[in-house]
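**Student:** Dropping a structure here in structure tokens format, bear with me for questions.
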Amino acid sequence: MITVVVEGESDKGVASALVAASGFVEPPRWIVAGGRDRLDRQLVGYLRASAHGPWVVFRDSDGQCPVEVIHRLLGDPSQFPGMCLRLAHSMTEAWLLADATSFADFFQVRSASITDRPDGLPHAKRELLRICSHSKSRRLRGDLVRPDGSIGPLYVPLINEFASNHWDVLVAAGRSPSLNRALGALRVLWRRYPAHRD
């Protein structure tokens, strides 16, 4: 069984869709770390566990160079063939915005309001909230974004619903280099573990 680690609950839909698109069909075992700092502290344990089966850890780069972060956390990644640490640049919300057409349809916003270079956003979650604050749907606006611009009461289930059932990973990978690299790395991991193939 593949184990998938994410920072928070709102990352599960993205991670699930990406793992499935890479070829893994068995439902993963989930670990929700509860934030970037806790994830980083627990990474040593995850690395040890990856000696016994495939692990994928999704983490936001938060504006830092993803390559530098991976090398800081892992050193030489080739030492850990069972571990796939992938960084969304700058956040997983950038990966969602990369499928602009599906995002616009689901959240009832103008596709023209979505950048064609989501990896360049300094704070992708803030941009996603800003875009959704202009949704044509009053209900969606209230569910996603509070008046002060923070996340609304149904942000997590709506984001996961979109990512799981409406987001097109391959379309998004064509507009997000960090997502495209993540998909490629996951496919390499899939090839290493034939027991987990369909």
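The values are calculated or read from the model by the stated rules, or taken from the named source; none is laboratory data. Nothing here was measured: the structure is a model prediction, and the numbers come from that model. Backbone-built Cβ (ideal geometry, glycine too); neighbour counts: all protein chains shown.
**Student:** Do we have residue 174 as exposed (fewer than 15 other Cβ atoms within 10 Å of the Cβ) and at pLDDT 95 or above here?
**Tutor:** On the way: exposed (fewer than 15 other Cβ atoms within 10 Å of the Cβ): yes; at pLDDT 95 or above: yes.
It is true that residue 174 is exposed (fewer than 15 other Cβ atoms within 10 Å of the Cβ) and at pLDDT 95 or above.
**Student:** Select, from 66, 77, 54, the only residue that is touching a strand residue (DSSP E or B) at 6+ places or on another chain (Cβ under 8 Å), free of Cβ contacts under 8 Å to residues at least 24 places away in the same chain and under 25 Å from residue 170 (Cβ atoms).
**Tutor:** Details: 66 fails: free of Cβ contacts under 8 Å to residues at least 24 places away in the same chain; 54 fails: free of Cβ contacts under 8 Å to residues at least 24 places away in the same chain.
The unique qualifying residue is 77.
**Student:** Given the criterion surrounded by fewer than 21 Cβ atoms within 10 Å (Cβ to Cβ) and on the phi < 0 side of the Ramachandran plot, identify the matching residue among 63, 149, 142.
**Tutor:** Numbers: 63 fails: on the phi < 0 side of the Ramachandran plot; 149 fails: on the phi < 0 side of the Ramachandran plot.
So the residue among 63, 149, 142 that is surrounded by fewer than 21 Cβ atoms within 10 Å (Cβ to Cβ) and on the phi < 0 side of the Ramachandran plot is 142.
**Student:** When the residues of segment 106-138 are narrowed to those that are touching a helix residue (DSSP H, G or I) at 6+ places or on another chain (Cβ under 8 Å) and charged (D, E, K, R), which ends up nearest to residue 159 (Cα to Cα)?
**Tutor:** The qualifying residue nearest to residue 159 (Cα to Cα) is 125.
**Student:** Could I ask something else about it? Do you know which residues across segment 108-122 are hydrophobic (A, V, I, L, M, F, W, C) and surrounded by 19 or more Cβ atoms within 10 Å (Cβ to Cβ)? Before the answer, list the steps.
**Tutor:** Keep residues of segment 108-122 that are hydrophobic (A, V, I, L, M, F, W, C), which gives 109, 112, 114, 121.
Once the filter is applied, which keeps residues that are hydrophobic (A, V, I, L, M, F, W, C) and surrounded by 19 or more Cβ atoms within 10 Å (Cβ to Cβ), segment 108-122 yields 109, 114, 121.
**Student:** Would you pick out the residues in segment 86-112 that are farther than 27 Å from residue 39 by Cα and β-branched (Val, Ile, Thr)?
**Tutor:** 101, 109
**Student:** Take the residues in segment 68-107 that are among the polar types (S, T, N, Q) and more than 23 Å from residue 9 (Cβ to Cβ); name whichever of them is surrounded by the fewest Cβ atoms within 10 Å (Cβ to Cβ). Walk me through how you get there before you give the answer.
**Tutor:** Taking segment 68-107 as the starting set, the residues that turn out to be among the polar types (S, T, N, Q) are 78-79, 90, 92, 101-102.
Those still in the list that are more than 23 Å from residue 9 (Cβ to Cβ) too: 78-79, 101.
Working: 78: 7, 79: 9, 101: 11.
For segment 68-107, the residue satisfying everything is 78.
**Student:** Taking segment 144-180 on its own, how many of its residues are assigned to a helix (DSSP H, G or I) and in contact with a Leu (Cβ under 9 Å, 6 or more places away or on another chain)?
**Tutor:** Within segment 144-180, the first condition is being assigned to a helix (DSSP H, G or I), and the residues that meet it are 144, 155-165, 169-173, 177-180.
Those left that are additionally in contact with a Leu (Cβ under 9 Å, 6 or more places away or on another chain): 144, 155, 158-159, 162-163, 169-170, 172-173, 178-179.
The qualifying residues number 12.
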